[in-house]
Amino acid sequence: MPIYEYFCEGCKKEVTRTMSISEHDKGNATCPECGGRSLRPLVGTFFSQTSRKS
Ligand SMILES: [Zn+2]
């Protein structure tokens, strides 16, 4: 299963979740630390880091 990275507004830190794509598509991600739903995806950050390799 793919790993998704989020920033949790409740914990104020980055968390990772392993979810199936269908779970992710439902937008049901919850924080593994606090169980909250205030998660911001960090996918954009991840890709911008890898594309800087020039
Ligand atoms: Zn949290």
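Tabulated data
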| read-out | value |
| --- | --- |
| Hits in segment 9-43 (condition: assigned to a strand (DSSP E or B), loosely packed, with under 14 Cβ neighbours inside 10 Å and in contact with a Pro (Cβ under 9 Å, 6 or more places away or on another chain)) | T16, T18 |
| Scan of segment 9-28 for residues that are of a type outside the set (D, E) and within 12 Å of P41 (Cβ to Cβ), ordered by number | V15, T16, R17, M19, H24, G27 |
| Unmet criterion (only one of (1) touching a Lys or Arg at 6+ places or on another chain (Cβ under 7 Å); (2) modelled with pLDDT under 85; (3) among the hydroxyl-bearing types (S, T, Y)) for T45 | (1) |
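The values are calculated or read from the model by the stated rules, or taken from the named source; none is laboratory data. Since the model is a prediction, treat every value here as computed from it, not as a measurement. Every residue, glycine as well, gets a Cβ built from its backbone with ideal geometry; the counts of neighbours run over all protein chains shown.
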